[in-house]
Every structure is written in C-alpha cells, then in structure tokens.
Amino acid sequence: MYRKVEDFLEDWTVSSLGTLKVFKAITNDKFNQSIVEGHNTLGWLAWHLVSVGAAFGHLAELQVPGPGRNQEMPTDMAEIIDAYEQLAEAYKKEVAKLTDADLLEEVNGFGGPTLRGKLLRALIDHQTHHRGQMTVLLRQAGLPVPGVMGPTREMQ
C-alpha cells in the first residue's frame, strides 16, 4: 500500500523500466512462445500488461491511455512497446498530480472498494508477477534474459 506519492513514483519508474527491458528482449518470431501449447504466450502477456495496466489506471481514476475492450492484440512487439511506453509515462504524470491524501481515498477496485494506494501497489505486484513469467519464456525461447532485479546467468 502506498501512502506517499513519491514512493509509488520511485517504484513505478524502476518497475516499468524493468518491464520495458523484458518487452524489448521479445522478438516477433518468438511472440507465440508459451510454456506449453494453449498457455499464455510472450506476446499475450506483454499485451495483457498494457491492457490491464490501463484498467488499473482507470479504476484509480487516472487518465492513462490503453486499448479498448475490443481492440485486437498487435502482432508486432514494437506496437506493444510503444503502447506500454505511453502508459508508463502517463502513470508518472498522473500520479505526480496526486497528493499523499489522495492515495488514502477509496476507489473501485477489481474486487470492490479499495484504497487508491493499495490498488497502485497491486498494479506493480501484478506487473512483477507476469514479468517473471515472461523471463522464463524468454529463456525457453532461447532469447537473452535482461537483468531486471539483478544480473541474470547470461550476465555473470
């Protein structure tokens, strides 16, 4: 739970940059890599972080861009990266407008009313969870795994 705007902004900056590193490691020819047939792919997970990232923002009553409910998933990672970069920057600008007291306001969350600061914490936790899945898929696909929270085996 965030109680200070500056704490969220610091965490979001680090988290979103790490997510971009992972996105930029995905090549279009490995877009459909999944752990096993029928499971989430690298491309789907990346697009999910864009679309659900926007949904978190809307629930937090922030003006962040995102795909419409019926918008098809792009098949080019460059498009997903661009959409994510716009989302990440919008979060910085929008949250910077908030006061610390705004983080303690109740908003509609995915499971009902929740504090805005708690919803923003869930956003980062959700992103970290899926980013971890994506690093496994990168390795499985034979792609380099970027260091996000420290060096990877490839970097040692």
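Under a plain spin-label model, where a point goes 7 Å from the Cα along Cα-to-Cβ, how far apart in nm are Lys92 and Met155?
It is 2.0 nm.
Multiplying the sequence separation of His39 and Val52 by 0.36 nm and subtracting their Cα-Cα distance, what value in nm do you get?
On the way: separation 13, 0.36 × 13 = 4.68 nm, distance 1.80 nm.
Gain on extension, His39 to Val52, equals 2.9 nm.
If the elastic network links every pair of Cα atoms under 10 Å, which of Gln63, Gln33, Gln71 fluctuates the most in the Gaussian network model of the chain?
Gln71
What is the stretch 35-156's relative contact order, in percent, from Cα pairs under 8 angstrom and six or more apart in sequence? Display every interim value, and only then the final one.
Details: 98 pairs, mean separation 30.5, N = 122.
RCO, the stretch 35-156: 25 percent.
Let's test the formula: R0 of 22 Å, r as the Cβ-Cβ distance of Leu20 and Glu72. What FRET efficiency results, to the nearest 0.05? Mind dumping the intermediate values first?
Details: r = 22 Å, r/R0 = 1.01.
Given R0 = 22 Å and the Cβ-Cβ separation, E is 0.50.
Between Asn32, Asn108, Asn70, find the one with the highest GNM mean-square fluctuation for the chain; connect C-alpha pairs within less than 10 Å.
In this elastic network of the chain, the residue with the biggest mean-square fluctuation among Asn32, Asn108, Asn70 is Asn70.
Enter the accessible area per residue of the stretch 1-101 (Å², integer; probe 1.4 Å; all protein chains in place).
In whole numbers, the stretch 1-101 has 54 Å² accessible per residue.
Run the numbers for Asn32 and Thr128: contour at 0.36 nm per residue of separation, minus the present Cα-Cα distance, in nm.
Values: separation 96, 0.36 × 96 = 34.56 nm, distance 2.04 nm.
Separation in residues times 0.36 nm, less the Cα-Cα distance, equals 32.5 nm.
Counting alpha carbon pairs within less than 8 Å and at least 6 residues apart, what relative contact order, in whole percent, applies to the stretch 1-64?
It comes to 15 percent, rounded to a whole number.
Just subtract the alpha-carbon distance of Phe110 and Arg3 from 0.36 nm times their residue separation and send over the number in nm, one decimal. Provide the component values of the computation, followed by the final result.
Details: separation 107, 0.36 × 107 = 38.52 nm, distance 1.98 nm.
Computed gain between Phe110 and Arg3 is 36.5 nm.
Quick one: with all protein chains in place, what share of the accessible area of the chain is carbon or sulfur, to the nearest percent (1.4 Å probe)?
Answer for the chain is 51 percent, counting heavy atoms of protein chains only.
Compute the distance from the alpha-carbon center of the stretch 93-156 to that of the stretch 1-73, in whole Å.
Result: 8 Å between the Cα centres.
The values are calculated or read from the model by the stated rules, or taken from the named source; none is laboratory data. Since the model is a prediction, treat every value here as computed from it, not as a measurement. Don't worry about glycine lacking a Cβ; one is built from the backbone with ideal geometry, like all the others, and counts go over all protein chains shown. The accessibility values were calculated without ligands, DNA or RNA, using every heavy atom of the protein model including side chains. Shrake-Rupley method; radii C 1.70, N 1.55, O 1.52, S 1.80 Å.
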